[in-house]
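Read through the structure below, which is laid out as structure tokens, and then see the notes.
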Amino acid sequence: MNTAQCATPATDTAPVPPQPIPGPRSADRLAEAALLLATVVWGSSFAWAKASGDAINRLSGAGAHAAMGPLLLMGCRFLLAGLLWLAIFPRSRRGWSLPSLRRSLVLGLLLSGGLVLQVLGLDRTSEAVSAFLTSLTILWVPAIMTLAMRRPPQRIFWFGIALAGGGIWLMTGAMPGGIGVGEALGLACSIAFSFHIIALNLLTPRDDPARLTAGQFLLVGAVGLLACALVPSGRHLMEPAAVNSILSDRQVWTHLVLLVLLPTIVSFGLMFYFQPRVDPTRATLIYLTEPIFAATYAWILVGRRLGMMQMVGAGLILAANLLVELWGSGIRAGRK
């Protein structure tokens, strides 16, 4: 994605509601295809993130399932991605202003807040429940747009939301027995991600996507490293000698390189640039296909197959996206 050539110049006009960028049918399809590609890469990165997070916990002595590994990985991953982004795209280094800093701060804090809450919540509940609660963005995004912004989605989206929500529940097998600390953190994580999705559509058209991407990457990296220093024994493990010893491990640095290049530079880069061209609810439906690609990757890599209920859930998520896409195609065809 050559953001340096395609990005729009920064402006400081009066606030306007976020609207998908109008354009021909091919432009709409391109934006949706880019978000789908980002989701495919995200789905295939779970194994790398889990393996490297576990390796960091083992090398640091933090213990299995500790938050230290994922948080240190998050900090290094996004900080390196931000520096690499600045080096690749010259436009991301130019034109910084106070409004650009404010927009980067808002977007970066929402994204980093969601990621940190996800890590802390996963340490206190099951993976299935965490995945299900994180996927509740499919409910929060249209609810926020309806109640706070007075921009409810089209009726067909609500039907797609119901289908996709049921599909996620079947895929994860999540059966929360109550709301504990982990579940509360998971809910807060999904709300933070929902506000980030909406804010991305609101703020990016007013600035240069390349510049905002760099700002978000660097801020998320800084928050991740700061969070590491706040966990038990984290300050000691954040000493340069300890960090160097951890990152020099072959398993850690090879997975870190993959995570920086693919799910961060490629996937988040595509998301930050193309999502403002798509309705936020439609984008959220696309992102819900991530568990399907993660399951497919696990099947190819280690032969882990989906059960019957999980296959039904995956079918519901795909059906929701197909339904909305066919409806959108009909609308676009009717405008010609």
_Using C-alpha positions alone, give me the convex hull volume of region 83-151 per residue in cubic angstrom._
150 Å³
_If I stretch the segment between R93 and L139 completely, what's the gain in nm (0.36 nm per residue apart, minus their alpha carbon distance), one decimal?_
12.9 nm
*Stretch A51-R151 to full length: gain in nm at 0.36 nm per residue minus the Cα-Cα span?*
31.9 nm
_Just to verify a number: FRET efficiency for S26 and W253, C-beta to C-beta distance, R0 = 41 Å, to 0.05?_
0.50
*Spin-label pair A229/L326, simplified geometry with 7 Å Cα→Cβ offset, distance in nm*: 5.5 nm
_At 7 Å along Cα-to-Cβ for each site, give me the label-to-label distance between H65 and N244 in nm._
3.5 nm
*Select from L84, S130, G166 the residue farthest towards the positive end of the dipole of region 48-172; place +1 on Cβ of Lys and Arg, -1 on Cβ of Asp and Glu, and compute about the Cα centre.*
L84
_Largest-first ellipsoid semi-axes for region 40-95, taking √(5λ) over the Cα gyration tensor eigenvalues, angstrom_ = 28, 14, 7
_Full-extension gain between A319 and E127, please, as 0.36 nm times their residue separation minus the C-alpha to C-alpha distance._
66.7 nm
*How do T254, T137 rank by accessible surface area computed with a 1.4 Å probe, from largest to smallest?*
T254, T137
*asked:* Charges at C-beta only: +1 for Lys and Arg, -1 for Asp and Glu. How large is the resulting dipole of the chain about its Cα centre, in Debye rounded to 20?
replied: 760 debye
_Please list 3J(HN,Hα) in residue order for region 47-57, calculated via the Karplus relation 6.51 cos²θ - 1.76 cosθ + 1.60 where θ = phi - 60°; whole Hz, with x for glycine and proline._
4, 5, 5, 5, 5, 6, x, 5, 5, 5, 4
*asked:* Give the residue list of trypsin sites (Lys or Arg not before Pro) in region 134-215 that are DSSP loop and have at most 15 other beta-carbon atoms within 10 angstrom.
replied: R150
*What does the accessible area per residue of the chain come to in Å², with a 1.4 Å probe and no ligands, DNA or RNA counted?*
47 Å²
_For a test of the definition: using alpha carbon positions, the gyration tensor, and the 1.5 limit on a/c, classify region 170-306 as rounded, prolate or oblate._
rounded
*How large is ³J(HN,Hα) for each residue in region 280-293, as worked out from phi by the Karplus curve 6.51 cos²θ - 1.76 cosθ + 1.60 (θ = phi - 60°), to whole Hz, x for Gly and Pro?*
x, 5, 5, 4, 5, 4, 5, 5, 5, 6, 4, x, 5, 5
_Answer label, with Rg/Rh (Cα atoms, Kirkwood Rh) calculated from the coordinates and candidates (i) 1.09; (ii) 0.96; (iii) 1.03_ = (ii)
*Sulfur and carbon atoms: percent of accessible area, the chain [1.4 Å]*: 69 percent
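The values are calculated or read from the model by the stated rules, or taken from the named source; none is laboratory data. Owing to the predicted nature of the structure, the values given are computational and were not obtained by experimental measurement. Positions of Cβ are backbone-derived with ideal geometry, glycine not excepted, and every protein chain shown enters the neighbour counts. The area values use the complete protein model at the heavy-atom level, side chains included, leaving out ligands, DNA and RNA. Shrake-Rupley method; radii C 1.70, N 1.55, O 1.52, S 1.80 Å.
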